[in-house]
Structures are given as structure tokens and as C-alpha cells.
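Step one of this worksheet: look at the structure below.
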Amino acid sequence: MPSSQPFSITLKNGEETETDFYEDHVYCSPSWAVRDGTPYSIARIMEFLPAPGTPTFDKDGKRSEPITRVRLAWYYRPSDVSDRTVADCRLLLAAIYSEVCELSQLRSKCYVLHRDRISDLAGWKKRPDRFYFTRLFDPWLRKEFEVIPAVTVRNVPEHVREVLISRYEYIVAEREVVPDLTDDLRLCDTCEKWCPPADTLQCDRCKKFFHMECVNPPMLSKPSRGYGWTCAPCSRAHEEEVEGHEVRHVTPVAPKPKTNAPAARGRGRPRKDKMLAEKEENVEIKHFKMWPFRYFGCVMDTLYTFAEDTLDPDDLIFPRAATRVGPKYQANVPPAPGGADRPADVEERGGDATIEVLSLVNEMSPAEVAARELFPFWELQNQLLTFGVVEKQKQMLTRNDKLKCSVDWLTEVTFRLTEAWLNKRDFSTVSMRSPMRLQKWKKSETRYTDKDWSAEEVAAFEDAIQVHGAELRAVCEEVGTRTMPEVVRFYGHWKNMKLGEENKRIRAARESGIDQKAGLTTREATPEDDDTSIVMEPPRNVICGACRTRESEAWWKAPKGLPSGVLCDNCGLSWRKYADLNVRPIREETVTKTKAGEKREGTPLNGNQAKRAKSTPPPVAPQLRCVACQRNGPIGKVLRCKQCQFRVHAAVCGVNPDPTTIDSWVCDLCQNEKTLEASLNPDCLLCPRMRRDPKKKLIYPPPDSYLRACKPTEGQAWVHVICSVFIPEITFSDATRLRLVEGVSAIPQYRWQNSCTLCDREDGAVIQCSECPAEYHVSCAWKHGHKFGFEIQPVKHSRRETPTTVDWKSNVGQMVPSVVCKGHVGHKRQLYDICDTNDLGESALQVYCRNYKQAPVAQTHGLLRKARRLDKILNANGDASSVVSADNESTQSAADPHCYRCQTEFSPFFHEVTNTAQGEAKSWLCHRCHAETRKSYPVIIGLGAS
């Protein structure tokens with residue numbers, strides 16, 4: 001690269017920097033509207049670049065003009081890479097990662113040094129815009145490494161050490177490798193050559209080092225952790241001592257652990273040495289190819305860096321992942337039977353029958369292409385190129401502009417045109433109507449592009465990305481309905497879409513900034529941020545969101561999560577520069593005298609700030625999206641099934657979450673697969689019966705729908721939670737947990753006979769719209785997006801009946817479930833959603849079920865309640881005095897009643913009948929025999945009684 005001269009540039013705050021592209025550190029950030037309240041980023045200037053498409057250097061070796069971009073080497077804050085709280089806001093993490101940014105994003109200068117370069121750390125941190133680092137973070141491996149000065153590395157060959165010191169300022173390595181690198185030079189006692197740490201054995205007695213292949217016999221692997229090794233002379237000497245009984249067991253003294261930490265500094269307040277501080281700021285740092293770092297360590301405890309690689313100037317300097325080379329990752333293929341000759345019936349791989357040709361457009365000649373086209377060859381003379389004909393054919397296959405830019409579609413078009421050309425068919429026979437194609441290595445047809453993602457799948461994907469980041473395997477488990485390859489491909493498209501939206505915002509912000517500054521010939525001095533982050537007209541009773549002060553020379557926009565939307569001048573700069581609202585930057589002392597009555601620079605504007613309560617923005621907790629209301633909620637209020645990834649608010653699923661078992665929560669259907677407490681058929685009794693092939697596997701409700709929330713009935717069947725809540729006749733044995741649904745057999749007959757206006761089926765129980773006579777199944781209304789909620793109706797009390805009233809959000813009345821069709825947009829009902837919560841954190845569905853859906857379990861037994869419902873259906877006897885309850889001993893005769901037909905003494909009901917066989921005598925019949933005599937027992941089964 002040609003040598004470049006120092007370049008001078010004016011930053012946002014008006015100061016000029018003259019740099020040789022490697023040493024100056026700056027604050028970098030786009031406008032406030034784009035970065036959405038996040039603090040400044042800190043980076044090191046690597047080089048200045050001209051506009052895109054312009055060469056960096058001209059023919060004379062000078063940098064091309066105008067300079068519009070800059071390449072920056074980023075630094076991370078500890079809060080950017082982990083959730084751990086770090087008290088030191090001046091601590092950074094270095095990175096071997098660079099990016100090209102616009103020149104307008106540079107805010108002001110700052111200073112970043114390694115910890116070992118700073119003699120007085122406390123004094124360094126007291127000065128503004130000063131940072132330091134001790135470790136390096138790799139964003140691809142998601143791992144932190146130690147950073148040590150290159151001069152401290154001694155356990156390497158001398159010529160390698162000279163190259164490292166001459167090129168690089170720092171060495172990056174794992175923490176476990178640092179003691180080996182900084183130790184004295186280790187030479188093999190046998191061959192007197194350098195011993196790399198990976199191939200080194202140390203004798204526990206003589207402390208000498210050996211190569212593993214230099215010992216006799218050679219060592220194949222190091223001793224396990226906790227075991228030692230001794231060389232042959234030391235082993236022989238030990239045996240002689242044992243035979244001569246000269247062994248003395250001396251209490252071993254633990255050696256003092258070796259450390260590379262800097263020497264302890266004296267206590268007390270450090271002396272201010274401005275000359276030394278300025279010298280440290282202007283210290284010269286060595287860079288090789290614009291980087292001061294070089295990785296030289298262990299690759300995931302499996303393979304050390306070869307020392308000779310550092311001599312190659314083109315060798316990679318980045319940290320490396322674990323190697324996949326070795327017997328652990330190789331397949332042991334046995335030799336072919338019968339020698340090396342290939343059997344005649346086995347087709348050789350690599351031929352035309354096993355390789356699928358994706359494109360041969362470059363081999364098509366204009367004459368051959370013209371022969372396949374419908375227009376004569378003389379028309380092709382105007383195009384001259386075969387690619388023009390192919391591109392024209394692509395344009396004729398679709399009118400969708402979005403498909404014309406799709407990589408999958410273009411790849412498939414090229415493949416089908418190539419296949420037509422190989423088979424000598426006209427291009428007009430190529431069609432893109434079918435999304436399926438048969439590949440040679442697969443038995444069935446597959447799609448060349450993935451199916452469109454539904455809104456529920458996209459919502460689940462974005463929620464998983466928010467929780468797990470780019471860990472796509474965990475994201476795939478969260479989505480549940482897509483395979484891993486589909487998730488990987490969609491992640492690429494989704495990320496490009498987000499980057500496109502971000503670029504549009506940046507472009508719009510830049511264009512608006514240019515319009516505001518139109519007509520300026522020279523750059524004027526501006527504040528350290530653009531005007532969009534400064535509050536020009538603060539409100540009357542303005543208060544800082546961090547220090548609570550009411551006086552400030554300038555007010556800045558505050559990040560989200562603070563009590564106030566503005567920050568004072570000191571807190572605003574502290575947040576933007578240091579990402580910390582608890583630190584007040586100490587400004588450098590000025591030699592100018594202050595005017596009478598004017599406060600000195602750096603003095604608080606409104607009393608002692610140290611005594612005020614300071615607040616920090618609350619940490620952003622990971623959230624999940626509920627499939628019932630499609631709103632996000634924190635983990636704990638919104639539960640996620642560990643098995644099927646079903647996500648729902650705990651308050652609308654009858655779950656009382658335990659903080660210790662939130663991560664292992666399993667929905668009722670998944671739990672039933674292991675416990676087998678209810679039927680394995682998940683069909684809802686209140687919905688139309690699903691027609692399925694008995695040979696196929698049962699279809700469970702999808703996890704991205706609220707219909708996945710099902711509860712067992714008293715007869716070990718299943719109903720949807722939404723169906724059981726909005727059908728009035730249904731009750732629960734435990735309304736708090738929505739468990740054991742009762743009353744399916746008590747549903748009136750008209751609900752089963754009326755047809756649904758949505759699916760036009762007559763089976764299943766229907767409800768009526770609150771605004772019109774339309775009737776439909778509850779599940780059908782939920783699928784079609786009808787409005788579900790609860791209405792608080794005023795109650796007029798009377799002496800005869802006292803209805804149950806509830807107090808919901810300062811509204812007192814009777815809570816009534818309501819379902820409104822989508823067509824009634826302008827209805828005047830005030831409906832509360834099923835997931836709406838009150839001040840106590842209870843949902844509307846939870847409050848309604850507790851007050852109106854609880855069965856009287858304290859007075860009767862479950863079997864008795866079921867028998868009474870069945871008796872009400874059969875209308876066996878209108879006189880209640882003729883029915884004797886087995887639980888009420890006061891109404892029984894002196895002797896225990898028993899059925900005169902089956903002689904049983906156990907029944908929920910005993911019916912008093914006249915026995916003609918015993919001379920018109922009064923006798924008893926159990927409930928089952930009484931039903932059989934009326935020939936109505938099959939009717940009970942037909943009604944679907946649970």
C-alpha cells in the first residue's frame with residue numbers, strides 16, 4: 001500500500017484531529033433517532049476512505065478526495081456482551097473487528113490504553129474521556145481472551161519473539177496459556193530445542209522439560225489432570241532410595257502461585273503528575289497491518305498456535321475455533337470386500353448420473369440459444385450476448401418484481417433453463433408454476449424455496465432471537481414448526497430486512513441533516529451530538545431522570561426506562577460517553593478565573609449531588625409473546641412449555657407459576673403424554689368432531705395457537721379452555737387451576753343441534769354473538785378472529801335473587817362473557833380482554849372463572865353432581881321426594897336401601913318404585929338399573945356425557 005500522509009479532519013464537537021490512521025480513538029454514533037437512546041461507541045481510527053467506488057489511492061500515491069468514510073476498530077463495553085454488572089464504567093473490551101462508517105458519525109476524541117501502560121489508574125479514571133482495557137472479546141467465538149504486552153512473552157524461540165515484539169504491541173491468549181507464555185524459555189533436556197506447551201512434559205522431581213517424542217519410550221499423551229510424571233533418571237533414583245530405605249516423607253510446602261499481575265501500588269492518594277499523564281496519552285503503539293494485536297495461544301485446549309506461523313506476514317491474527325481434524329472427527333471406513341475392485345452393479349460417483357448441473361449458461365452459444373427461441377436469429381443480432389436472451393426469458397416467466405430479485409427463484413430459473421438446454425427443448429417450455437422439483441439424490445420432490453412464514457411463526461422467531469440471540473438451534477426449538485435449514489435461511493432474509501430498514505432510517509436522518517445545513521460552505525462548530533438529541537424547549541417542571549436536578553444549561557433526551565424523559569448536561573454526557581448514570585465526569589481544571597457570582601466549571605448546579613438518590617435505567621428482562629393476546633410479557637407471567645414451546649400467560653391457563661420451576665413448565669397435553677391421566681385423544685368435546693384416518697397419528701393443536709390450552713374433564717376427555725369458559729353451562733371442580741371440567745352433559749340440546757355459521761356443521765356446542773343472532777362454535781370464532789372479552793354490566797339488586805358482582809378496575813357489576821363478530825366494528829360494549837390484568841395481577845378470565853365457574857365442591861361429591869345432572873336430563877321424576885341421596889342419611893330408611901334387581905347397596909341415587917312382583921310393595925332401584933328400565937342409557941352415551 002502506498003505511504004499515506006497524516007490527514008486532518010474536523011469532528012462533530014469542532015476539534016480537529018491529525019492522525020496517521022492508527023492511534024486516535026474517537027466516540028462514534030449515528031443520530032439519536034437512529035441509535036434509539038444507546039450511548040456512544042468507542043473505536044480506533046484505522047484509515048480514512050473516499051466515497052464507495054473510488055480507489056483509495058490515486059496514481060501519485062496520495063489519498064483520493066473527497067474523504068467520506070472511515071474504517072474503525074471497535075471496542076466493546078462489558079454490558080454489551082454480558083448481563084453482568086460492572087462497576088467500572090471506564091473498562092472496555094478490545095476486539096479484532098472493524099467496520100466502515102460514515103465520517104459524520106465521529107463525535108469527539110477519547111483515549112484508550114492497556115492497563116499495563118497506565119501508571120496511575122485512579123488518576124487516569126478521574127480524567128474525562130479516558131478508558132482502559134485488559135481483555136479482548138471475540139464476537140464470533142463469544143469468548144474473552146487475555147491481552148498481555150508482547151515484551152512479556154519469553155517462552156518462544158528467540159527469532160519468533162523478535163518478530164512478535166517488532167510487529168505487535170500486544171499478544172492475545174487464553175488465561176491458562178498466559179503463565180506458559182510469560183515463563184522463562186523452556187528447552188528440551190534431550191534435544192535442547194524449544195518445547196511448545198502442547199508437546200511439553202515436565203519432570204516433577206528435577207523440573208526439567210522434555211518433548212513427548214524425546215523420552216524413551218515416547219509418550220503418546222500427557223498424564224491426566226492430578227497425576228505427575230518423572231523422567232527416567234529421577235525414577236531410577238527414586239527406586240534406589242526406596243530400596244535403601246532412605247526415603248524421608250517431608251511435608252511438602254505449596255509453592256507460591258506464579259502471577260503476572262502488576263506489582264502492588266502504594267496506598268493513599270496518588271500524586272498528580274501531568275507530565276507523566278500527557279506522556280502516557282501520546283505513547284506510541286506498534287501496529288502491523290493496522291492491528292496492534294496478534295493471537296498466540298491455545299485453540300480451545302486442543303491445539304496450540306505454531307510459533308513459526310508468526311513469521312508469515314499473511315498469517316491470520318484472529319482467535320481460532322476448535323479444530324475438527326483428527327481421529328475423533330474422522331470416519332473409520334473398512335476396506336471394500338473382495339479387494340479394491342468396484343462391483344459392477346455399483347455406479348461410480350462423480351458422473352453425469354450423480355451430479356446435478358445447476359447452470360451452464362456460460363457454455364450456451366448465441367446460435368444455440370436462437371434456435372431454442374421463437375424469434376429468428378437476425379433479431380438476436382441486436383442483443384449479441386446469450387445472457388441477454390436468458391435474462392429476457394427470466395423476465396417472461398413472472399411479473400412479480402419481488403420474485404425477480406429472489407435468489408432462490410433466480411437459481412431455480414437458471415437450473416430449469418439449463419435443463420431444457422441439455423435436453424434440447426425450447427425455452428418456451430420452461431414454466432415456474434410448480435414450486436416442486438425432483439433432485440437426483442432424493443426419492444421424493446422437494447420445494448426449491450421455503451413456504452411463507454406465518455405471522456405467528458415470525459413472532460415466535462423474533463421472540464426467540466430476543467432471548468437467545470443468534471443461537472439458531474435454540475431458536476429452532478422455540479419456533480417448533482420449522483426445520484433447522486429453514487430457520488437458518490429465514491434468519492439471513494430477516495437480518496437483511498432489518499439492515500435495510502436501519503439503512504433507510506440512517507439515510508433519511510442524513511438527508512434531513514443535509515437539508516438543514518444546506519448552503520454552508522464551511523463546517524461550523526456544533527455540540528457533541530446533533531440537534532435531534534438536545535431538548536430545545538424543555539417543559540416547565542423539568543427534572544433530570546437521573547440526579548433529579550431542576551437546573552441545567554442544556555437538556556438532553558434520556559434513554560427509555562427513566563422517570564423523566566430528559567437528562568441534565570452532566571448526566572446526559574455521562575450516559576453518552578460512559579453508559580453510566582451514576583458517574584459524574586470530573587472536568588479538567590481551568591486556569592481562568594471565574595467571574596463574581598459565577599459557579600466554577602464542574603460545580604453542581606443545584607446543591608450537593610452526592611446526597612441525592614441516583615437511579616439507573618432498569619435492566620431489560622427477556623420477554624415472551626403470549627399466543628392468546630399477542631402481547632409480550634416477562635418470563636414468569638408468560639410461560640413457555642419446555643416440550644412444545646407453547647407460550648401463554650399463566651393467568652389464562654390456570655397455572656400458579658413457581659419461580660423455581662418456570663424453566664421446566666410443561667403444558668397439560670404434553671404432561672399427559674407421560675402421566676397418561678387422561679385420554680390420548682386431544683379432541684375437544686365441545687367442538688366439531690375431527691375426521692381423521694384411524695391409521696394415522698393423532699393431530700395435536702398447534703403450539704402457536706391458544707387452542708393448545710386444553711383441560712381434562714371429569715370423564716378423562718379434553719376441552720379447550722376458551723370453550724369451557726365461554727359456554728355458560730360448564731363449571732370447574734377447581735376454578736383456580738381450571739381443572740376437571742364438569743357439566744358437558746348438562747348443555748341444552750339446542751346448542752348441539754344448531755349449526756355453526758362459520759363452518760356450517762351441526763355437531764359441537766354453539767354460542768350466540770352478543771350483537772347479532774349469529775351462532776358459531778367457540779373455537780371457530782377464535783380462529784376467525786372474533787372479539788372475545790368480558791363486560792361489566794350494572795346489577796339491580798332484588799330480594800329474590802342476589803347476583804354475584806365483581807370489582808374490576810373501579811367498575812362494579814356482573815361480569816358477563818361476550819363474543820362479538822368481526823363485522824361489528826362500531827359496537828359500544830366495553831370488553832376487557834381475557835389477558836387484561838388488575839392491580840393484583842389477576843387476569844379477567846381468572847377473575848370470571850373464580851366467581852362464576854366454580855362448582856359447589858364443598859357440599860356434594862363429584863359423582864353425586866354428575867348423577868344429578870344426568871337425572872335432570874332424563875327427567876326421571878319431577879318429585880324430588882321420590883329420590884333418596886346416598887349421602888344424606890336423614891332421608892334414608894332405618895335399613896340401608898339396596899337395589900331389588902342387582903342387590904347393590906352402592907349408588908349415587910336410589911329411586912323409589914313399586915315392585916309388582918312383591919305385591920305392589922315399595923322397593924328401591926339403583927340409578928343404573930332405573931336407567932336401563934327406561935331404555936335411555938344409550939341416549940346418555942350419545943349425548944357425549946363426560
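The values are calculated or read from the model by the stated rules, or taken from the named source; none is laboratory data. What you see is a predicted model; the values in this text were computed from it and never measured. Glycine gets a Cβ as well: all are built from the backbone with ideal geometry, and neighbour counts include every protein chain shown.
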Take the conditions closer than 30 Å to LEU49 by Cα, assigned by TED's automatic domain parsing to the domain that holds PHE48, out of contact with any helix residue (DSSP H, G or I) (no Cβ under 6 Å at 6 or more places or on another chain) and in a strand (DSSP E or B) and apply them to LEU141. Does it pass? no
Quiz item: Being closer than 23 Å to TYR168 by Cβ, surrounded by fewer than 17 Cβ atoms within 10 Å (Cβ to Cβ), among the small types (Gly, Ala, Ser) and modelled with pLDDT of 85 or more, is that true of even one residue in the range 85-96?
Solution: no
Selection over the range 788-846 where residues are in a strand (DSSP E or B), in contact with a Ser or Thr (Cβ under 7 Å, 6 or more places away or on another chain), of a type in the set (A, V, I, L, M) and surrounded by fewer than 19 Cβ atoms within 10 Å (Cβ to Cβ) yields a count of 1
Those residues of the range 530-550 that are among the basic types (Lys, Arg) and surrounded by 20 or more Cβ atoms within 10 Å (Cβ to Cβ) come to a total of 0
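Results for (1) basic (Lys, Arg); (2) in contact with a His (Cβ under 8 Å, 6 or more places away or on another chain); (3) at pLDDT 80 or above; (4) within 15 Å of ASP833 (Cα to Cα), shown as yes or no for each residue.
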site: PRO618; (1), (2), (3), (4): no, no, no, no
site: LEU624; (1), (2), (3), (4): no, no, yes, no
site: ALA628; (1), (2), (3), (4): no, yes, yes, yes
site: ASN632; (1), (2), (3), (4): no, no, yes, yes
site: GLY636; (1), (2), (3), (4): no, no, no, no
site: CYS641; (1), (2), (3), (4): no, no, yes, no
site: ARG647; (1), (2), (3), (4): yes, no, yes, no
site: ALA650; (1), (2), (3), (4): no, no, yes, yes
site: GLY654; (1), (2), (3), (4): no, no, yes, no
Margin query: Is it the case, given these coordinates, that GLU412 is outside the structural domain of TYR706 (by TED's automatic domain parsing), farther than 30 Å from LEU707 by Cβ and at pLDDT 85 or above?
Written below: yes
In the range 163-193, anything under 29 Å from ILE285 (Cα atoms) and assigned to a strand (DSSP E or B) is listed as TYR170, ILE171, VAL172, ALA173
Of the residues in the range 82-107 that are under 16 Å from ALA579 (Cα atoms) and touching a residue at least 24 places away in the same chain (Cβ under 8 Å), the one that is nearest to the chain's Cα centre (by Cα) is ASP83
How many residues of the range 847-876 are touching a Phe, Trp or Tyr at 6+ places or on another chain (Cβ under 9 Å), assigned to a loop (DSSP other than H, G, I, E, B) and under 27 Å from GLY654 (Cα atoms)? The answer is 2
Picked from the range 303-324 (must be among the polar types (S, T, N, Q) and surrounded by 15 or more Cβ atoms within 10 Å (Cβ to Cβ)), the residue modelled with the highest pLDDT is THR310
Of all strands (runs of 3 or more DSSP E) fully inside the range 703-756, the set with 2 or more residues that are in contact (Cβ under 8 Å) with a residue 60 or more places away in the chain and of a type outside the set (A, V, I, L, M) is 731-734, 739-742
Note on ALA855: of the conditions (1) crowded, with 19+ Cβ neighbours inside 10 Å; (2) on the phi > 0 side of the Ramachandran plot, unmet is (2)
* If you go through the range 138-159 one residue at a time, do you hit one that is under 23 Å from PRO30 (Cα atoms), modelled with pLDDT of 85 or more and not acidic (Asp, Glu)? -> yes
Expected output for the range 918-938 (first residue assigned by TED's automatic domain parsing to the domain that holds PRO897, partner of a type in the set (Lys, Arg) and at pLDDT 70 or above, Cβ below 6 Å, 6+ apart or cross-chain) is CYS929/ARG901
The condition from (1) loosely packed, with under 12 Cβ neighbours inside 10 Å; (2) at pLDDT 85 or above that GLU553 misses is numbered (2)
If we keep only residues of the range 473-483 that are over 13 Å from the mean Cα position of the chain (by Cα) and surrounded by 12 or more Cβ atoms within 10 Å (Cβ to Cβ), then the residue farthest from LYS642 (Cα to Cα) is ARG482
When you scan the range 47-67, do you find a residue that is assigned by TED's automatic domain parsing to the domain that holds TYR295, modelled with pLDDT under 75, assigned to a loop (DSSP other than H, G, I, E, B) and under 30 Å from SER564 (Cβ atoms), even just one?
no
Answer yes if at least one residue in the range 749-756 is touching a strand residue (DSSP E or B) at 6+ places or on another chain (Cβ under 6 Å) and buried (at least 19 other Cβ atoms within 10 Å of the Cβ), and no otherwise.
yes
Those residues of the range 180-208 which are within 19 Å of CYS298 (Cα to Cα) and of a type outside the set (A, V, I, L, M) amount to ASP180, THR182, ASP183, ASP184, ARG186, TRP194, CYS195, PRO196, PRO197, ASP199, THR200, GLN202
Apart from one, (1) farther than 26 Å from LEU164 by Cα; (2) surrounded by fewer than 16 Cβ atoms within 10 Å (Cβ to Cβ) all hold for SER108; the odd one out is (2)
Counted residues in the range 399-423 being loosely packed, with under 15 Cβ neighbours inside 10 Å, more than 35 Å from the chain's Cα centre (by Cα) and not basic (Lys, Arg) come to 2
Of the residues in the range 210-237, those that are closer than 22 Å to GLU174 by Cα and surrounded by 13 or more Cβ atoms within 10 Å (Cβ to Cβ) come to LYS222
Scanning the range 660-674 residue by residue, those under 20 Å from TRP718 (Cα atoms) and assigned to a helix (DSSP H, G or I) turn out to be ASP668, LEU669, CYS670, GLN671, ASN672, GLU673, LYS674
Here the qualifying pairs (Cβ atoms under 8 Å; residues six or more apart or on different chains; first in the range 832-858 and more than 17 Å from ASN656 (Cα to Cα) and of a type in the set (Ser, Thr, Tyr); second at pLDDT below 90 and surrounded by fewer than 16 Cβ atoms within 10 Å (Cβ to Cβ)) come out as TYR832/LYS809; TYR852/THR804
Note on VAL652: of the conditions (1) surrounded by fewer than 23 Cβ atoms within 10 Å (Cβ to Cβ); (2) closer than 26 Å to ARG850 by Cβ, unmet is (1)
